[in-house]
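Colleague: Questions regarding the structure given below will be posed in turn.
The values are calculated or read from the model by the stated rules, or taken from the named source; none is laboratory data. Please read these numbers as outputs of a predicted model, since none were measured by experiment. With ideal geometry, Cβ positions are generated from the backbone for all residues, glycine too; neighbour counts draw on all protein chains shown.
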């Protein structure tokens, strides 16, 4: 027996005419509790009225119109796989030709990577020299611009913060570019499904 009033799902059990281990205490409670008996009768009246309502069916195009307005989320990896599947040729000879071309490219790229790795000291020297020249050119131009805008002492104070600002702005730009690329891939996939 329950010392509390019936919950809505318990009233639903009694309305549905369920029979089972937990139904007998509910029926006993309804016999003793006036409020629960009234709620059960009200629920029975509502169910009876609902049964008398005409059964209406939606238009055949209703589902299609609703689904056209629903934004379906598609994960980035699904959009990427769909884009790759479009690139794979449909005919067997074309797939064999594409696979042999991809394998040739992969082999050439591997050989180039191994060659560069064997001569990594030359690559480090060249990239270091190019990086130093670029850094000197950019630093000189920014230093001159800061000196003309802030004066010599203000440029000295701001120079330390400029490098940090450049690194942070490059990071933010790369994040924005990555997000825009993923969004474009998802939009293209959605357009293709429609």
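Listed here are the residues, each with its yes/no results for (1) within 33 Å of the chain's Cα centre (by Cα); (2) in a helix (DSSP H, G or I).
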position: 43; (1), (2): no, yes
position: 71; (1), (2): yes, no
position: 74; (1), (2): yes, no
position: 77; (1), (2): yes, yes
position: 80; (1), (2): yes, yes
position: 84; (1), (2): yes, yes
position: 93; (1), (2): no, yes
position: 104; (1), (2): no, yes
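Colleague: A follow-up question, please. When the residues of segment 70-85 are filtered to those that are without any contact (Cβ under 8 Å) to a residue 12 or more places away in the chain and farther than 13 Å from residue 190 by Cβ, which remaining residue is surrounded by the most Cβ atoms within 10 Å (Cβ to Cβ)?
Modeller: Across segment 70-85, the extreme among qualifying residues is 81.
Colleague: Let me confirm something: among 99, 118, which residue is within 30 Å of residue 190 (Cβ to Cβ) and free of Cβ contacts under 8 Å to residues at least 40 places away in the same chain?
Modeller: Every option except 99 fails the conditions.
Colleague: Just to be sure I understand the filter: pairs with C-beta atoms under 6 Å, separated by 6 or more residues or on different chains, first member in segment 125-137 and in the same structural domain as residue 166 (by TED's automatic domain parsing), second member at pLDDT below 85. Which pairs pass?
Modeller: That search, which allows pairs on different chains as well, returns nothing.
Colleague: Further, regarding this structure: I need a count of the residues in segment 1-11 that are part of a helix (DSSP H, G or I) and touching a helix residue (DSSP H, G or I) at 6+ places or on another chain (Cβ under 6 Å).
Modeller: Qualifying residue count for the region: 2.
Colleague: Could you grab me the full set of residues in segment 47-69 that are over 32 Å from the mean Cα position of the chain (by Cα) and surrounded by 10 or more Cβ atoms within 10 Å (Cβ to Cβ)?
Modeller: 47
Colleague: How many residues are surrounded by 10 or more Cβ atoms within 10 Å (Cβ to Cβ) and modelled with pLDDT under 85 if we restrict to segment 89-117?
Modeller: 1
Colleague: Considering (1) free of Cβ contacts under 8 Å to residues at least 60 places away in the same chain; (2) part of a helix (DSSP H, G or I); (3) over 26 Å from residue 17 (Cβ atoms), say which one residue 58 fails and leave the rest.
Modeller: Unmet for residue 58, out of (1) free of Cβ contacts under 8 Å to residues at least 60 places away in the same chain; (2) part of a helix (DSSP H, G or I); (3) over 26 Å from residue 17 (Cβ atoms): (2).
Each row is one residue, and each column tells you yes or no for (1) more than 23 Å from residue 3 (Cα to Cα); (2) at pLDDT 90 or above; (3) in contact with a helix residue (DSSP H, G or I) (Cβ under 7 Å, 6 or more places away or on another chain).
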| site | (1), (2), (3) |
| --- | --- |
| 13 | no, no, yes |
| 23 | no, no, yes |
| 26 | no, no, yes |
| 34 | no, yes, no |
| 57 | yes, no, no |
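Colleague: Among the residues in segment 34-41, are any under 29 Å from residue 191 (Cβ atoms) and in a helix (DSSP H, G or I)?
Modeller: So far as segment 34-41 goes, no, none of its residues is under 29 Å from residue 191 (Cβ atoms) and in a helix (DSSP H, G or I).
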